[in-house]
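To keep things clear, I will list the structure first and then write my remarks on it.
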Amino acid sequence: DGGITQSPKYLFRKEGQNVTLSCEQNLNHDAMYWYRQDPGQGLRLIYYSQIVNDFQKGDIAEGYSVSREKKESFPLTVTSAQKNPTAFYLCASSIGWTRGGNIQYFGAGTRLSVL
Amino acid sequence: AQKVTQAQTEISVVEKEDVTLDCVYETRDTTYYLFWYKQPPSGELVFLIRRNSFDEQNEISGRYSWNFQKSTSSFNFTITASQVVDSAVYFCALSGASGGSYIPTFGRGTSLIVHP
């Protein structure tokens, strides 16, 4: 079954700690994205990647980092510099990038809370 | 810059009522795409429909229908005879395709609650 797998489903971060959210896809998609969702805020783009070993900052990249060493994987690290990390994080992928109009496929999300 | 406005934060209806979710967009692109996604309580967004800017035909899929009007920059979504399973957050999104941003811009979402 093709899709996007995010883990863990729930994650708790201690003060000053970095945590990493996993995102894996087996759809053979080139583009991958990370979004943050807060109540009433919609989806805000953190980082996106068009191709392996390349990624770009989105609207709210401060306090986050990513890597794209494999086509299937796009992990997101929430660093200690992110002072308000409590949110629902969604990973998505799409076939490609050019000309827009690409349908995004989403994972089930990771809910991050601060202890 | 692209912008999507979903003015309705929350809508509450009783089962079998019809309900329309509004979406108004702004873009400078001449070619663009509009989307609707559904986010049920499980959290995963599910794609519902995509339209490009050259296709203003309305679309119907079962109880769902979409009304795209370029003249008013709107792409509204109607659910006929709503059911409890329709309860979810619905997002409208826009992406450019002619030199503008290919990154989709999402509205803030409309939470639909369907009561039995």
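The values are calculated or read from the model by the stated rules, or taken from the named source; none is laboratory data. Treat the numbers as computed from the prediction; the structure is a model and nothing was measured. Cβ sites come from the backbone with ideal geometry, for glycine too, and all protein chains shown count toward neighbours. Heavy atoms of the whole protein, side chains included, go into the accessibility calculation; ligands, DNA and RNA do not. Shrake-Rupley method; radii C 1.70, N 1.55, O 1.52, S 1.80 Å.
Would you be so kind as to identify which of A:Asn18, B:Asn67, A:Trp34 lies farthest towards the positive end of the dipole of the protein assembly as shown, taking Lys and Arg as +1 and Asp and Glu as -1 on Cβ and the Cα centre as origin? Value: A:Asn18. Taking max minus min of the alpha-carbon positions on each principal axis, the stretch B:1-57 gives extents of 39, 24, 22 Å, largest first.
Think of the protein assembly as shown as a dipole: +1 on every Lys or Arg Cβ, -1 on every Asp or Glu Cβ, centred on the Cα centre; then among A:Ile46, A:Phe106, B:Val19, A:Ile46 lies furthest on the positive end.
Atom-type composition of the exposed protein surface of the protein assembly as shown places 48 percent of the accessible area on carbon and sulfur (1.4 angstrom probe). Note on chain B: along the principal axes its Cα atoms extend 46, 27, 21 Å, ordered by decreasing extent. For the stretch B:33-50, 3J(HN,Hα) computed residue by residue from phi via the Karplus equation (6.51, -1.76, 1.60; θ = phi - 60°) reads 10, 10, 9, 10, 10, 10, 10, x, x, 5, x, 7, 6, 10, 5, 10, 7, 10 Hz, glycine and proline entered as x. Applying both filters, DSSP loop and at most 15 other Cβ atoms within 10 Å, to the trypsin sites (Lys or Arg not before Pro) of the stretch A:1-30 gives A:Lys9, A:Lys14.
Accessible surface computed residue by residue for chain A, with neighbouring protein chains in place and a 1.4 Å probe, gives 49 Å² per residue. With a Cα cut-off of under 26 Å and a minimum spacing of 8 residues unless on different chains, the lysine pairs in the protein assembly as shown number 16.
Using all pairs of distinct alpha-carbon atoms, the Kirkwood hydrodynamic radius of the protein assembly as shown works out to 18.3 angstrom.
Shown here for the stretch B:35-80: GluC sites (Glu not before Pro) in loop regions (DSSP other than H, G, I, E, B) with at most 16 other Cβ atoms within 10 Å, namely B:Glu56. Dipole check for the stretch B:22-74: with +1 at the C-beta of Lys and Arg, -1 at the C-beta of Asp and Glu, and the Cα centre as origin, the magnitude is about 80 Debye. Per residue, the convex hull around the alpha carbon atoms of the stretch A:12-115 comes to 97 Å³.
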